[in-house]
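Working notes for the structure below.
The values are calculated or read from the model by the stated rules, or taken from the named source; none is laboratory data. Being a predicted model, the structure only gives us computed values, none of them experimental. For neighbour counting, all protein chains shown are included, and Cβ atoms are generated from backbone atoms with ideal geometry for every residue, glycine included.
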Amino acid sequence: MANIADALHLPAGQRADLFEIARKRDPEASTQEVSETGATPLAAALSSITAPAYLLDRNWSACGSNAAARALFAQWLGGSEPNLLRYVFLDPTARQFICDWENRARRLVAEFRADTAARTDDEEVASLVEGLRRASPPFAQFWKDHRVLARDGGTRDFNHPRDGLARYEQVTLVPTTRSGYKVVMLIRG
């Protein structure tokens, strides 16, 4: 996939779309996408944070993370699927990793709905939602509920395969200059 994108000399946005459609992780995404979108200071901020921290784009795909986040979320951030919703609903390891999976997953859908409510005609959002509705009965059920919730903090528990139970307090920040992005930090609780 990367060879095709390189051969076509795709700009960052089109390259990201190609990998999103193919549901593959762009091996250059962590450096290219962040720097070409002007989010370089956000990527630099991630590396200066000691707690697990990652950067989500407007469709909730990870486009940056620090070492602590990659260690905690090895299955997601180290895998081929950068999108948080696709990981939560389509990767079977997510159900064991995320404590109280059903409630957390239901809340994520409601938060995503709220986050994308103003983008009802966005083809990327429609494609993501439709793909998840077809592939995941729980997503389809939660989406049908029409719940809307603000993305907020709170306690997050994970059952790490190597480290066991890990409890964090989530802090989500939306940069004023890059409102399409979210910096998510997990502080040890």
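State which residue is farthest from residue 116 (Cα to Cα) when the search covers only segment 45-72 and only residues that are assigned to a loop (DSSP other than H, G, I, E, B) and without any contact (Cβ under 8 Å) to a residue 24 or more places away in the chain.
My answer is 50.
List the pairs whose first member sits in segment 92-104 and is more than 10 Å from residue 159 (Cβ to Cβ), whose second member is of a type in the set (Ser, Thr, Tyr), and whose Cβ atoms are under 7 Å apart, counting only residues at least 6 apart or on separate chains?
Between residues of segment 92-104 that are more than 10 Å from residue 159 (Cβ to Cβ) and residues that are of a type in the set (Ser, Thr, Tyr), the close pairs are 94/87.
Going through segment 149-175 one residue at a time, which ones are in contact with a Pro (Cβ under 9 Å, 6 or more places away or on another chain) and in a loop (DSSP other than H, G, I, E, B)?
175
Can you spot a residue in segment 33-54 that is closer than 17 Å to residue 156 by Cα, under 13 Å from the mean Cα position of the chain (by Cα), surrounded by 13 or more Cβ atoms within 10 Å (Cβ to Cβ) and modelled with pLDDT of 65 or more?
Yes, because at least one residue in segment 33-54 is closer than 17 Å to residue 156 by Cα, under 13 Å from the mean Cα position of the chain (by Cα), surrounded by 13 or more Cβ atoms within 10 Å (Cβ to Cβ) and modelled with pLDDT of 65 or more.
Return the pair list, or none, for Cβ contacts closer than 9 Å from residues in segment 152-163 that are closer than 23 Å to residue 113 by Cβ to residues that are at pLDDT below 90 and not acidic (Asp, Glu), at least 6 apart or on different chains.
From segment 152-163, the pairs are 155/189; 156/189.
Of everything in segment 87-102 that's of a type in the set (D, E, K, R) and in a helix (DSSP H, G or I), which residue is farthest from residue 163 (Cα to Cα)?
102
Would you be able to say whether some residue in segment 154-176 is of a type in the set (Gly, Ala, Ser) and closer than 19 Å to residue 57 by Cα?
Scanning segment 154-176 turns up no residue that is of a type in the set (Gly, Ala, Ser) and closer than 19 Å to residue 57 by Cα.
All but one of (1) buried (at least 18 other Cβ atoms within 10 Å of the Cβ); (2) at pLDDT below 95; (3) among the basic types (Lys, Arg) hold for residue 86; which doesn't?
So residue 86 meets the others, but not (2).
Return a yes/no flag: does segment 126-148 have any residue that is over 20 Å from residue 186 (Cα atoms), modelled with pLDDT under 90 and either in a strand (DSSP E or B) or basic (Lys, Arg) (or both).
Yes: one or more hits.
Look at residue 174 and say whether it is among the β-branched types (Val, Ile, Thr) and closer than 17 Å to residue 83 by Cβ.
no
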